[in-house]
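First the structure, in the form of structure tokens, and then the observations on it.
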There are 4 protein chains.
Amino acid sequence: METAEALPTTDATVHGYTSNKAAYLRRLKRIEGQVRGIARMVDDDKYCIDILTQVSAVTKALHAVSLGLLEEHIGHCVVGAANEPDPALRAEGIDAKVKEASDAIGRLLR
Amino acid sequence: METAEALPTTDATVHGYTSNKAAYLRRLKRIEGQVRGIARMVDDDKYCIDILTQVSAVTKALHAVSLGLLEEHIGHCVVGAANEPDPALRAEGIDAKVKEASDAIGRLLR
Amino acid sequence: METAEALPTTDATVHGYTSNKAAYLRRLKRIEGQVRGIARMVDDDKYCIDILTQVSAVTKALHAVSLGLLEEHIGHCVVGAANEPDPALRAEGIDAKVKEASDAIGRLLR
Amino acid sequence: METAEALPTTDATVHGYTSNKAAYLRRLKRIEGQVRGIARMVDDDKYCIDILTQVSAVTKALHAVSLGLLEEHIGHCVVGAANEPDPALRAEGIDAKVKEASDAIGRLLR
């Protein structure tokens, strides 16, 4: 991977998913391969329904990635905001992080 | 593309999407690039919500591909079955093609 | 039901789902009851996650209704258009019905 | 509503959505009416595509309810767990609440 050297050097850039980074990269690599496989099926004039089945499988795999990222956003970013000691900053931070999560879920549902 | 020589040689293998094949291949190529971009964002420790936004965009692009394929399945495979002259074969063919479409839509909704 | 007398009197008003009308009405009655049950849970201050589980169940039941209606649209309306004897009218009718199906699937996916 | 007297009497039963209870009940009442309207359309032999449009509208309304409940679960239940003073109980509580949220989102996406 060409950007492997851009490792986070400070806590500020460590996100929830960082500890599972390798697993996410593996899953996305596999999804990329699945998309390439679908293109090959189109190129080979495979039956449309068989292509649709593969497209559904990729959509499902992407949903699983989304769900993982959301779970880590909630567990890290929202909970992180809840641990802010200043009460005013805390309330504001929680609201912002919860709103982000909710907007992201809304985009997934649409 | 390595399989470009595998062109359909008889009508039997010409599917509904064949006339739009180049357009489908372009869209899938773009989706493949988007997935690679998401992997790069993970690798660069980008903010999880920004990654989620990209994942939603890919899911939406895949839905558009599915919808196009479904439309062509209905317009070609179902309608093709409806044009079968033998009434018994026709009824059977229609049932099979409609069932395939409905199952594919069900998989997309799940 | 107050509209029970409005039975279709000519073939023109008989849709694909008409033969399963009673089954659709039963399913919708059950879904209506499920929605009422969710309101009762909210009113009783039940745990939000338990309410969400019920909302997902209703969404799934509605998807099943949609899928049934779509299957009948494709099997009756699209196939009906394909049986039109005048070729020009036939092509136009098929295009219109397929477009309707595809738009409806698009709305379900969003 | 027959259960209006069952108001929460202790903090323990006050959930995130309690402050918006009346709004949720109004929305669910409207959804119940929409489902009844769909049954009426089926009973009146309305065109299947028009029925499908209404089913999509109800699905969308239910998604909005789900999104609201999820936002309140994250903002109240997850954040509540993050405010538990005992560190061991806190970590456990956060994990449980985040897992519940993630499972609920997963059910919505399916």
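Quick one: label points 7 angstrom along Cα→Cβ at residue C:23, distances to the other copies in nm, smallest first?
List, nearest first: 3.6, 4.1, 4.2 nm.
Given axes a ≥ b ≥ c from the Cα gyration tensor, I'd like to know whether the stretch B:20-109 is rounded (a/c under 1.5), prolate (a/b larger than b/c) or oblate. Show your work: numbers first, answer last.
Working: a/c = 5.45, a/b = 2.88, b/c = 1.89.
Note, shape of the stretch B:20-109 comes out prolate.
From the square roots a ≥ b ≥ c of the eigenvalues of the alpha-carbon gyration tensor of the protein assembly as shown, which class results: rounded (a/c under 1.5), prolate (a/b over b/c), or oblate?
On the way: a/c = 3.38, a/b = 1.28, b/c = 2.64.
Taking the square roots of the gyration eigenvalues as a ≥ b ≥ c, the protein assembly as shown is oblate.
How far is residue C:47 from itself in the other copies, in nm, if each label sits 7 Å out from Cα along the Cα-Cβ line, shortest first?
3.3, 4.6, 4.7
Only sites in a loop by DSSP and with at most 14 other Cβ atoms within 10 Å count here; which chymotrypsin sites (Phe, Trp or Tyr not before Pro) in the stretch C:7-110 make the cut?
Numbers: sites: C:17, C:24, C:47; in loops: C:47.
Hits after loop and neighbour filter: C:47.
So between residue B:64 and residue B:18, what do we pick up on full extension, going 0.36 nm a residue minus the alpha carbon distance? Walk me through the intermediate numbers first.
Values: separation 46, 0.36 × 46 = 16.56 nm, distance 1.67 nm.
Between residue B:64 and residue B:18, full extension yields an extra 14.9 nm.
Per the helix-only calculation at 222 nm, which mean residue ellipticity applies to chain A, given -39500 (n - 2.57) for every DSSP H run of n ≥ 4 and division by its residues, nearest 500 deg cm²/dmol? Write out the running numbers ahead of the final one.
Details: 4 runs with 75 residues, N = 110.
About -23000 deg cm²/dmol.
At a 1.4 Å probe radius, carbon and sulfur cover how many percent of the accessible area of chain C?
On the way: 2820 of 5100 Å².
C and S fraction of accessible area: 55 percent.
Taking the rotation that carries C onto A, look along its axis and tell me which residue of C has the beta carbon nearest to it, distance in whole angstrom.
Spelled out, residue of C and its Cβ distance from the axis onto A: C:110, 3.
Just how many pairs of Lys in the stretch C:20-109 have C-alpha atoms closer than 26 Å, counting pairs that are eight or more places apart or on different chains?
For the stretch C:20-109, the number of qualifying lysine pairs is 9.
Charges at C-beta only: +1 for Lys and Arg, -1 for Asp and Glu. How large is the resulting dipole of chain A about its Cα centre, in Debye rounded to 20? Can you show the working numbers first?
Numbers: 14 positive and 16 negative charges, 88 e Å.
In total the dipole reaches around 420 debye.
Between copies, how far does the label point of residue A:99 sit from its twins, in nm, shortest first, when each point is 7 Å from Cα along Cα→Cβ?
In nanometres, ordered from closest: 3.2, 4.1, 5.2.
Given DSSP loops and a limit of at most 11 other Cβ atoms within 10 Å, what is the longest stretch of chain A that contains no such GluC sites (Glu not before Pro)?
Numbers: sites that count: A:2, A:5.
For GluC sites (Glu not before Pro) (loop position, at most 11 other Cβ atoms within 10 Å), the longest site-free span of chain A is A:6-110.
Given springs between every Cα pair under 10 Å in a Gaussian network model of chain C, which of C:69, C:28, C:89 has the largest fluctuation?
C:89
Taking both sides together, what accessible area is buried at the A/D interface, probe 1.4 Å, expressed in Å² and rounded to the nearest 100?
Values: alone 8330 and 8350 Å², together 14930 Å².
What A and D bury together is about 1700 Å².
The values are calculated or read from the model by the stated rules, or taken from the named source; none is laboratory data. Since the model is a prediction, treat every value here as computed from it, not as a measurement. Note that each Cβ is placed from the backbone with ideal geometry, even for glycine, and that neighbours are counted across all protein chains shown. Accessible surface is based on the protein model in full, side chains and every heavy atom, while ligands, DNA and RNA are left aside. Shrake-Rupley method; radii C 1.70, N 1.55, O 1.52, S 1.80 Å.
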